Amino acid sequence: MRLFALRRKEPYLLYHELLGFYPGDIQLYDLAFVHKSSSIKREDGKWINNERLEFLGDAVLDAIVAELLFQNFQNKKEGFLTNTRSKIVSREMLNNIALGLGLDRFIVVSDRTRTQNSSIFGNALEALIGAIYLDKGFEVTREFVSKRMIKPYVDLTVVADTEINFKSKLIEWGQKNRVNIEFELVDSYNGEDNRATFVSEVKLLGISAAQGIGATKKESQQNASKLTLERIKKEASFKNSVLSEVTRQE
């Protein structure tokens, strides 16, 4: 499988410019940029794209960013580290880094999908990380993430001080996993101090996920989104039931 017009020297030079090293198994890197909309049919009849590499890269990136934050914020607690990592690996952040790296030059995707899907670039970046990990191992991957991704494009202090938008993050997760997300106002009332209180519920494909309370409708949705994200992360059975519903409806 070769995706570049020139089969020998040019692809290796292009990848060296992007990565800072020459690839070993260049086909891994080519596959990292094949979006599902442009899947390739192998000789055995199976269709392949970058989704499996994206899955792997997502996990590797989480581990590397967690280690980086652990080292840089030695007096911060788990909650702070978790929230900061969430900001760094958010779809918006990864999309911006991917464009900064010039990944749009490499991605193989249908024109229609390119204009409609805002997650393509960040997803391809995760797939690239998966390819580097398989080809070169963890140490080289960590160096790429640290020196090529984080240092030029992410100010850790600024990111840490930025308030996280849990609703946006949940919506990004839903788009990535093809999960329809609904926000429903289930109650509103005045408390003992006569202040308005709102209760919002998050539903994933019709499955009740969490309820959040806030002084405004927006705040209640943010709190419900935060609790939902925590369930997705910590409760494997809940996450699997939602993803199983995706498969059932397709």
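The values are calculated or read from the model by the stated rules, or taken from the named source; none is laboratory data. As the structure is a computational prediction, the values presented were derived from the model and not from experiment. Here the Cβ positions follow ideal geometry from the backbone for every residue, glycine too, while neighbour counts run over all protein chains shown.
Data table
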quantity: Residue list for the range 15-50, filter: surrounded by 15 or more Cβ atoms within 10 Å (Cβ to Cβ) and in contact with a Gly (Cβ under 9 Å, 6 or more places away or on another chain); calculated: 18, 28, 32, 50
quantity: Residues being among the aliphatic types (A, V, I, L, M) and out of contact with any Ser or Thr (no Cβ under 8 Å at 6 or more places or on another chain) - total across the range 172-185; calculated: 2
quantity: Condition met for residue 231 (of a type in the set (Lys, Arg), within 21 Å of residue 67 (Cβ to Cβ) and surrounded by 13 or more Cβ atoms within 10 Å (Cβ to Cβ)); calculated: no
quantity: Subset of the range 185-211 (residues that are modelled with pLDDT under 95 and acidic (Asp, Glu)); calculated: 187, 192, 193
quantity: So residue 176, is it assigned by TED's automatic domain parsing to the domain that holds residue 226 and closer than 25 Å to residue 51 by Cα; calculated: yes
quantity: Residue 108, sole failed condition from (1) touching a strand residue (DSSP E or B) at 6+ places or on another chain (Cβ under 6 Å); (2) surrounded by fewer than 16 Cβ atoms within 10 Å (Cβ to Cβ); calculated: (2)
quantity: Test result for residue 178, on the phi > 0 side of the Ramachandran plot and either of a type in the set (Lys, Arg) or touching a helix residue (DSSP H, G or I) at 6+ places or on another chain (Cβ under 7 Å) (or both); calculated: yes
quantity: Given (1) under 24 Å from residue 229 (Cα atoms); (2) of a type in the set (Ser, Thr, Tyr); (3) over 17 Å from the mean Cα position of the chain (by Cα), index of the condition residue 110 fails; calculated: (1)
quantity: Which numbered condition residue 165 misses (of (1) within 20 Å of the chain's Cα centre (by Cα); (2) surrounded by fewer than 13 Cβ atoms within 10 Å (Cβ to Cβ)); calculated: (2)
quantity: Residue list for the range 141-181, filter: at pLDDT 95 or above and of a type in the set (Gly, Ala, Ser); calculated: 146
